[in-house]
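A.B. asks: Structure below; questions to follow.
The values are calculated or read from the model by the stated rules, or taken from the named source; none is laboratory data. Please read all numbers here as calculations on a predicted model, not as lab measurements. When we count neighbours, we look across all protein chains shown, and the Cβ atoms used for this are built from the backbone with ideal geometry, even at glycine. Keep in mind that these areas ignore ligands, DNA and RNA; they rest on the heavy atoms of the full protein, side chains included. Shrake-Rupley method; radii C 1.70, N 1.55, O 1.52, S 1.80 Å.
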Amino acid sequence: GVMWTAQSSSLLGSQAALRDAREALIADAPADLVRVAWTATDDPAASNGVEGELVWSDALDRGYMTFKGLAPNDAAQAQYQLWIFDESRSADHPVDGGVFDIPTAAGETFVAIDARLPIDRATLCAGTVEGPGGVVVSSRERLPVLAKIGG
């Protein structure tokens, strides 16, 4: 059988489709749509500064991320993983938002958020660096990007 990995979602051919889907979500303008710029930490992966934003709707459980400047990863060595902190859940157990890759330092990378559980109200999203395939619980040792939602 074919083994699907996170790599299949970040191939360059799908970047245009992801960009269009993100634009459509923004144009759709659900009432609870949030758009938050990434805050870079002092993690080495963010040392060039990170531009881009998180676009998310709790009601639709759908969102997209854009990144520019985040260090490219070798998927065989490490992958990025998104964590979504939900107001209705313990902060010790953020929801896995999927693993993703940054294939190149050039230009912008579009990523679809793949929340493993329904989100009630997202309060914070964090991108960590994990082993290939991601983890169930992050040590949060390496956390290059954050997006705080709301006040």
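A.B. asks: Among the residues of the stretch 50-86, count how many are under 15 Å from ALA147 (Cβ atoms), in a loop (DSSP other than H, G, I, E, B) and not β-branched (Val, Ile, Thr).
C.D. replies: Residues meeting the conditions: 4.
A.B. asks: Out of all the residues in the stretch 9-20, is one or more in contact with a Ser or Thr (Cβ under 7 Å, 6 or more places away or on another chain) and at pLDDT 95 or above?
C.D. replies: So far as the stretch 9-20 goes, no, none of its residues is in contact with a Ser or Thr (Cβ under 7 Å, 6 or more places away or on another chain) and at pLDDT 95 or above.
A.B. asks: Can I ask one more? Being over 21 Å from VAL50 (Cα atoms) and either in contact (Cβ under 8 Å) with a residue 12 or more places away in the chain or not basic (Lys, Arg) (or both): is that true of PRO144 here?
C.D. replies: Against the criterion (over 21 Å from VAL50 (Cα atoms) and either in contact (Cβ under 8 Å) with a residue 12 or more places away in the chain or not basic (Lys, Arg) (or both)), PRO144 does not qualify.
A.B. asks: What pairs can you find where one residue is in the stretch 101-117 and open to solvent by 40 Å² or more (accessible area, probe 1.4 Å), the other is part of a loop (DSSP other than H, G, I, E, B) and modelled with pLDDT of 95 or more, and their Cβ atoms are less than 6 Å apart, with a gap of 6+ or different chains?
C.D. replies: THR104/PRO72; ALA105/PRO72
A.B. asks: Please verify whether the stretch 62-71 includes one or more residues that are in contact with a helix residue (DSSP H, G or I) (Cβ under 7 Å, 6 or more places away or on another chain), hydroxyl-bearing (Ser, Thr, Tyr) and at pLDDT 95 or above.
C.D. replies: Yes: one or more hits.
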